[in-house]
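J.: Dropping a structure here in structure tokens format, bear with me for questions.
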Amino acid sequence: MTARIRTRSQALQQRAERFFPGGVNSPVRAFRAVGGAPPFLESAQGAWLTDADGNRYIDYFGSWGPMILGHAFPPVVEAIERAARSSASFGASTAAEADLAERVISCFPAIEKMRFVSSGTEATMSAIRLARAATGRKIVVKFEGCYHGHADGLLVKAGSGVATFGIPGSAGVPEETAHLTLALPYNDLAAVEAAFAAHPGEIAAIILEPVVGNAGCIPPAPGFLAGLRSLTTREGALLIADEVMTGFRVALGGACQLYSLDPDLITLGKIVGGGLPVGVFGGKRVFMDLLAPLGPVYQAGTLSGNPLAMAAGIATLSYLQEHADHVYPQLETTAKAVTEGVAAEAAKAGIPLTLNRVGAMWTWFFTPGPVTDYTQAAMSDTAAFGRFHNAMLNQGVWLPPSQFEAAFISTAHGKEETAATIAAAREAFKAVLVS
Ligand SMILES: *Cc1c(COP(=O)(O)O)cnc(C)c1O
């Protein structure tokens with residue numbers, strides 16, 4: 001196996017480092033968790049990425065989640081082009097916003113009203129503000145390893161990006177803010193009971209990834225989500241399902257559909273924008289109507305509901321809705337074949353690997369497992385993962401560049417990509433063994 005030539009990418013990275021800290025506009029893109037220089041991308045079609053040196057890769061990170069229909073999917077491209085011809089932005093209401101909202105609600109019936117924002121970070125930040133206003137309480141419970149964007153109060157024990165850099169949270173977050181966030185172990189209802197007992201009448205909300213993606217993929221244990229629902233109801237706290245990653249991914253109606261969860265508020269992002277910047281927070285009308293101009297909670301956005309982003313979202317959701325009976329079973333079949341094929345190669349090579357997967361979202365943890373929370377995920381051999389990642393990249397397979405990120409496929413991935421990926425893994429595990 002020979003390393004691919006990436007001289008143009010290397011030159012572009014050096015140039016980028018003059019302008020951006022670490023050469024990037026979002027830290028995990030710098031590949032620090034796996035070593036090596038990150039390829040610069042020039043174009044992509046379906047399941048395949050092409051870098052600045054002309055190397056091609058099978059894409060298993062899908063822009064971190066949004067690209068469920070593959071890259072440059074024609075209906076999405078056409079919708080964006082059409083919208084752009086009528087102006088990229090008005091800053092006034094358009095019918096497209098309600099068109100997308102109707103589709104979101106038909107997938108997520110727990111959402112009665114919503115607001116569009118421009119990122120997942122904005123969505124979770126606004127949902128927390130709303131929960132505090134609705135309850136008159138300050139404390140927010142989150143779970144270790146869950147990432148909810150980079151707002152101050154949510155950067156406590158926040159999974160991949162932060163975990164990768166080996167820091168417990170972020171510098172620049174005041175202690176006073178961090179103290180209002182309680183981080184508990186995932187899948188541990190007793191810890192949640194204890195937190196309510198220790199802070200009676202003080203917890204405004206529990207926010208969680210109903211399937212964790214940002215510590216690597218960790219599914220909820222049976223009864224965990226239902227337990228959180230009944231505890232929050234009993235204690236008068238809101239339950240916020242952060243489905244920025246899982247929404248439209250693990251099922252059309254996200255984890256809420258898959259696990260019959262009825263939260264008070266839901267946050268969405270990634271897929272809902274079809275590759276353009278969109279976030280959503282929404283839920284029960286009684287809470288959403290607390291927002292300005294109806295109520296006292298302020299929240300706003302110059303580019304919220306942007307027409308290009310709405311068009312890309314509508315094109316994506318309408319395809320998913322019309323083809324759901326076909327799309328989700330196909331994603332399941334392909335994801336199962338790829339993940340189990342690679343896991344079988346690891347077993348043959350004698351490498352302990354734990355595969356966690358929910359539909360088209362998964363992680364191969366380099367640990368005997370099981371992995372049911374962040375502590376167990378953190379026991380993974382990240383150096384071995386780094387060697388695996390590098391070896392896969394050299395054979396044209398682009399995995400998410402951290403042990404603590406979920407991998408994804410799109411509807412454009414098929415048998416050819418599956419076979420090539422398993423063959424690449426067979427070689428890559430040899431590189432893992434020669435440490
Ligand atoms: C990606 C992600 C976010 C943050 O979304 P951005 O658009 O990157 O701000 C929040 N929550 C979860 C679960 C995510 O996966």
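Where a number appears in this text, it was derived from the coordinates with a stated rule and is not lab data. What you see is a predicted model, and the numbers here were worked out from it, not measured in a lab. Virtual Cβ from ideal backbone geometry, glycine too; neighbours counted across all protein chains shown.
J.: If you take every DSSP beta bridge whose two residues both sit in segment 228-315, what share of them, in percent to the nearest 5, is antiparallel?
T.: Bridges in segment 228-315 are about 45 percent antiparallel.
J.: For the chain, give the share of DSSP beta bridges that are antiparallel, in percent and rounded to the nearest 5; count only bridges with both residues there.
T.: Here the antiparallel bridges make up roughly 55 percent for the chain.
J.: Which of the trypsin sites (Lys or Arg not before Pro) found in segment 308-359 are in a DSSP loop and have at most 14 neighbouring Cβ atoms, other than their own, within 10 Å?
T.: Nothing satisfies the criteria.
J.: Separate question: Would you mind ranking Ser402, Ser106 so that the residue whose beta carbon has the fewest other beta carbons within 10 Å leads the list?
T.: Listing Ser402, Ser106 from fewest to most nearby Cβ atoms yields Ser106, Ser402.
J.: Could you pull out the chymotrypsin sites (Phe, Trp or Tyr not before Pro) across segment 26-101 that fall in loop regions by DSSP (anything but H, G, I, E, B) with no more than 11 other Cβ atoms inside 10 Å?
T.: Phe90
J.: Using DSSP, restrict attention to beta bridges with both residues in segment 74-322 and report what percent are antiparallel, rounded to the nearest 5.
T.: Roughly 35 percent of the beta bridges in segment 74-322 run antiparallel, per DSSP.
J.: Could you put Val338, Val212, Val76 in order, starting from the residue whose Cβ has the fewest other Cβ atoms within 10 Å?
T.: Val76, Val338, Val212
J.: So, one more: Considering only DSSP states other than H, G, I, E and B, which chymotrypsin sites (Phe, Trp or Tyr not before Pro) in segment 271-311 qualify as loop sites with at most 11 other Cβ atoms within 10 Å?
T.: Tyr298
J.: Under the Karplus relation 6.51 cos²θ - 1.76 cosθ + 1.60, θ = phi - 60°, what is the ordered set of whole-Hz ³J(HN,Hα) values for segment 255-272, x standing for Gly and Pro?
T.: 5, 4, 5, 4, 10, 6, 9, 10, x, 7, 9, 10, 10, 10, x, 6, 4, 4
J.: Grab the eigenvalues of the alpha-carbon gyration tensor for the chain, scale each by 5, take roots, and send me the semi-axes largest first in whole angstrom.
T.: So the three semi-axes of the chain are 33, 26, 21 Å.
J.: How big, in percent, is the set of alpha carbon pairs in segment 74-322 lying more than 21 Å apart?
T.: 56 percent
J.: Next up: For segment 249-283 and segment 352-428, write down the distance between their C-alpha centroids in whole Å.
T.: One Cα centre to the other: 24 Å.
J.: Over segment 74-322, what is the relative contact order in whole percent, taking alpha-carbon pairs under 8 Å and six or more residues apart?
T.: Relative CO of segment 74-322 lands at 31 percent.
J.: Now for a different question. Let me check against my output: what whole-number percent is the relative contact order of the chain, with C-alpha pairs under 8 Å and at least 6 apart?
T.: Once divided by the residue count of the chain, the mean separation gives 23 percent.
J.: Would you please give the residues with an amide H less than 5 Å from that of Leu238, counting only those at least 5 places away or on a separate chain, with H modeled from the backbone geometry?
T.: Long-range HN contacts for Leu238: Ala205, Ile206.
J.: Calculated FRET efficiency, Glu112 and Glu78, Cβ-Cβ r, R0 41 Å, to nearest 0.05?
T.: 0.85
J.: Please report Lys284, Lys430 as a ranked list, fewest other C-beta atoms within 10 angstrom at the top and most at the bottom.
T.: Going from least to most buried by this count: Lys430, Lys284.
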